[in-house]
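Single-structure report; data block below.
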Amino acid sequence: GDQVEQSPSALSLHEGTGSALRCNFTTTMRAVQWFRKNSRGSLINLFYLASGTKENGRLKSAFDSKERYSTLHIRDAQLEDSGTYFCAAYSSSGSWQLIFGSGTQLTVMP
Amino acid sequence: EAAVTQSPRNKVAVTGGKVTLSCNQTNNHNNMYWYRQDTGHGLRLIHYSYGAGSTEKGDIPDGYKASRPSQENFSLILELATPSQTSVYFCASGDAGPANSDYTFGSGTRLLVI
């Protein structure tokens, strides 16, 4: 079935640096959503994209349905950015259900 | 404030016992979902619902039942709990469409089956 492959599974950054998380899709997806699990364990919506790019503060996300991938870029990482990030995609078939990636555990170090 | 509230937050159950996880949403969403999240996996869909009285099987429904008695409430039921069902369970409500997604998760329920 449709799958979402998220990488890396773990990432360590020093404060002030940046990097990118990536999700590859095995089939064409109609949209993608990025979540972050906060300190209370809740999943917080970061971005929803049906195409193109979106930016919010130090985060920027891109989605290319044709090339079957999405990215989440983090710049000027801060300690409070540490946590688990998930991408999730909406399959092009059927109802609007999310298919989740396996998550990226981000650790930001002083 | 619109929200998804799960209860209990933590639960310890014995093998073979019955467990009910509850979820309440004030978002007035039609769709509600139950996921479980395990290390190395993304959230996996167990059951979902399109509205009151509706329950649908997700990707991993075996061993679980669901009940949607009203727009606001969606329960996940483990009739005979097993240790393999030890996990963190997330409820969500959401109506997604071409332009946006209004998808809200609860805070999760940690279930330990011993």
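The values are calculated or read from the model by the stated rules, or taken from the named source; none is laboratory data. As the structure is a prediction and not an experimental result, all values here were calculated from the model. Note that we place each Cβ from the backbone using ideal geometry, even for glycine, and neighbour counts take in every protein chain shown.
Of note:
- B:T15 vs. criteria touching a residue at least 40 places away in the same chain (Cβ under 8 Å), in a loop (DSSP other than H, G, I, E, B) and either over 30 Å from A:S92 (Cβ atoms) or within 14 Å of another protein chain (Cβ to nearest Cβ) (or both): yes
- Listed here are the strands (runs of 3 or more DSSP E) enclosed by segment A:15-59 that have at least 1 residues being modelled with pLDDT under 90: A:29-37, A:43-49.
- The set of residues from segment A:37-53 being surrounded by 15 or more Cβ atoms within 10 Å (Cβ to Cβ) and either under 15 Å from A:S102 (Cβ atoms) or of a type in the set (G, A, S) (or both) comprises A:K37, A:G41, A:S42, A:L43, A:A50.
- Residue within segment B:30-40 that is of a type in the set (V, I, T) and within 14 Å of another protein chain (Cβ to nearest Cβ) present: yes
- Residue in segment A:92-109 that is surrounded by the most Cβ atoms within 10 Å (Cβ to Cβ), counting only those that are away from chain B (no Cβ under 11 Å) and not in a loop (DSSP other than H, G, I, E, B): A:L106
- Check on A:F63, under 29 Å from B:T5 (Cα atoms) and either within 13 Å of chain B (Cβ to nearest Cβ) or touching a residue at least 12 places away in the same chain (Cβ under 8 Å) (or both): no
- Of all residues in segment B:56-87, those being away from every other protein chain (no Cβ under 14 Å) and either of a type in the set (A, V, I, L, M, F, W, C) or not in a helix (DSSP H, G or I) (or both) number 22.
- Within segment A:67-91, considering residues that are within 14 Å of chain B (Cβ to nearest Cβ), within 17 Å of A:T28 (Cβ to Cβ) and out of contact with any Cys (no Cβ under 6 Å at 6 or more places or on another chain), the one surrounded by the most Cβ atoms within 10 Å (Cβ to Cβ): A:A89
- Matching option when the condition is surrounded by fewer than 21 Cβ atoms within 10 Å (Cβ to Cβ) and closer than 23 Å to A:G101 by Cβ, among B:G53, B:G40, B:G63, B:G16: B:G40
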